[in-house]
Ligand code: UGA
Ligand code: MN
């Protein structure tokens, strides 16, 4: 099966660094298709040029997050969901452009800032319906994970909102492409409360806990980490302008 990776991304100082790191991981994985969806009114030259030079199989899309759902500069990052319409655009593209009977596939939501072990892709590749595994450095815990007994997920190791139907991070599961075609309405939405994106999609796919396929040695190994990149500060740009009349050359892409 092909692994389809759905990656929402948005313009900020760290974007090219994040995409570079992720692309170098993906270069080491065979048979993948990277769907990159920019949170923007139009596709940027930076991302277009970047994707082209990777040599990876990719599709470049864009859809802006409506202003009312966009985070403001001073908002805490958990206030509003991120990447919702972008992931939906990825799902729609897959429904229109793939036919799993001819070419089987697996779909994974790969945020641009996480850290992925190459082993993770071997684990998810033969997902029948939905496969699950632990995620490191998330939920203000060392990890969150499904609790497995006799090969079945029976509960969840998590602290935050444990009563969610599927209390796991976006990085903790992959789905068989056929399921997307079987459930054309299944999607994420900006109108559910915090933490319910994953549960909303999986409920839309008519998945029950009993369907989940535990991977990563019965969910005993961490193969993906919810790393987050520190925001870079550029206050000396202003200081340079004040002191010397100019800062860095805007033609140099960072
Ligand atoms: C956590 C989860 O790991 C995400 O999968 C989930 O989307 C998010 O919470 C949420 O609550 O919505 P976190 O690390 O806090 O993730 O979020 P980010 O990494 O900042 O954003 C998730 C993805 O959306 C990233 O790929 C990012 O590039 C993208 N994004 C972020 C946008 O497309 N637009 C934005 O305005 C912000
Ligand atoms: Mn993140």
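The values are calculated or read from the model by the stated rules, or taken from the named source; none is laboratory data. Everything numeric here is computed off the predicted structure, so don't read it as measured data. Note that each Cβ is placed from the backbone with ideal geometry, even for glycine, and that neighbours are counted across all protein chains shown.
Condition (residue is assigned to a strand (DSSP E or B), more than 24 Å from residue 88 (Cβ to Cβ) and in contact (Cβ under 8 Å) with a residue 40 or more places away in the chain) applied to region 163-186: is it met by at least one residue?
Scanning region 163-186 turns up no residue that is assigned to a strand (DSSP E or B), more than 24 Å from residue 88 (Cβ to Cβ) and in contact (Cβ under 8 Å) with a residue 40 or more places away in the chain.
Could you identify the single residue in 101, 87 that is in contact with a helix residue (DSSP H, G or I) (Cβ under 9 Å, 6 or more places away or on another chain) and within 14 Å of ligand 1 (Cβ to nearest atom)?
Of the residues listed, the single one that is in contact with a helix residue (DSSP H, G or I) (Cβ under 9 Å, 6 or more places away or on another chain) and within 14 Å of ligand 1 (Cβ to nearest atom) is 87.
Within region 82-102, take every residue that is touching a strand residue (DSSP E or B) at 6+ places or on another chain (Cβ under 8 Å) and in a loop (DSSP other than H, G, I, E, B) and give me the one that is surrounded by the most Cβ atoms within 10 Å (Cβ to Cβ).
83
Residue 44 - would you say it is within 16 Å of ligand 1 (Cβ to nearest atom), closer than 22 Å to residue 253 by Cα and in contact (Cβ under 8 Å) with a residue 24 or more places away in the chain?
Values: within 16 Å of ligand 1 (Cβ to nearest atom): yes; closer than 22 Å to residue 253 by Cα: yes; in contact (Cβ under 8 Å) with a residue 24 or more places away in the chain: yes.
Against the criterion (within 16 Å of ligand 1 (Cβ to nearest atom), closer than 22 Å to residue 253 by Cα and in contact (Cβ under 8 Å) with a residue 24 or more places away in the chain), residue 44 qualifies.
With respect to the numbered conditions (1) assigned to a loop (DSSP other than H, G, I, E, B); (2) more than 14 Å from ligand 1 (Cβ to nearest atom), which one is the sole condition not fulfilled by residue 79?
(2)
Tell me which residues, restricted to region 202-215, are in a helix (DSSP H, G or I) and under 13 Å from residue 153 (Cα atoms).
Residues satisfying the conditions are 209, 210, 211.
Restricting attention to region 53-72, does a residue exist that is loosely packed, with under 15 Cβ neighbours inside 10 Å, more than 16 Å from ligand 2 (Cβ to nearest atom), in a helix (DSSP H, G or I) and at pLDDT 95 or above?
There is at least one residue in region 53-72 that is loosely packed, with under 15 Cβ neighbours inside 10 Å, more than 16 Å from ligand 2 (Cβ to nearest atom), in a helix (DSSP H, G or I) and at pLDDT 95 or above.
Given the criterion surrounded by 10 or more Cβ atoms within 10 Å (Cβ to Cβ), within 30 Å of residue 170 (Cβ to Cβ) and within 16 Å of ligand 1 (Cβ to nearest atom), identify the matching residue among 234, 227.
One residue alone meets the criteria, 227.
Identify, by number, the condition in (1) within 26 Å of residue 201 (Cα to Cα); (2) more than 9 Å from ligand 1 (Cβ to nearest atom); (3) at pLDDT 95 or above; (4) out of contact with any strand residue (DSSP E or B) (no Cβ under 7 Å at 6 or more places or on another chain) that residue 30 doesn't meet.
Against the list (1) within 26 Å of residue 201 (Cα to Cα); (2) more than 9 Å from ligand 1 (Cβ to nearest atom); (3) at pLDDT 95 or above; (4) out of contact with any strand residue (DSSP E or B) (no Cβ under 7 Å at 6 or more places or on another chain), residue 30 comes up short only on (1).
Of all residues in region 81-96, how many are in contact (Cβ under 8 Å) with a residue 12 or more places away in the chain and over 20 Å from residue 190 (Cα atoms)?
Residues meeting the conditions: 2.
In region 103-153, which residues are in contact with a strand residue (DSSP E or B) (Cβ under 9 Å, 6 or more places away or on another chain) and free of Cβ contacts under 8 Å to residues at least 24 places away in the same chain?
141, 142, 149
Being on the phi < 0 side of the Ramachandran plot and within 16 Å of ligand 2 (Cβ to nearest atom) is the filter; apply it to region 189-211 and report the residue that is surrounded by the most Cβ atoms within 10 Å (Cβ to Cβ).
Per the criteria, the residue is 197.
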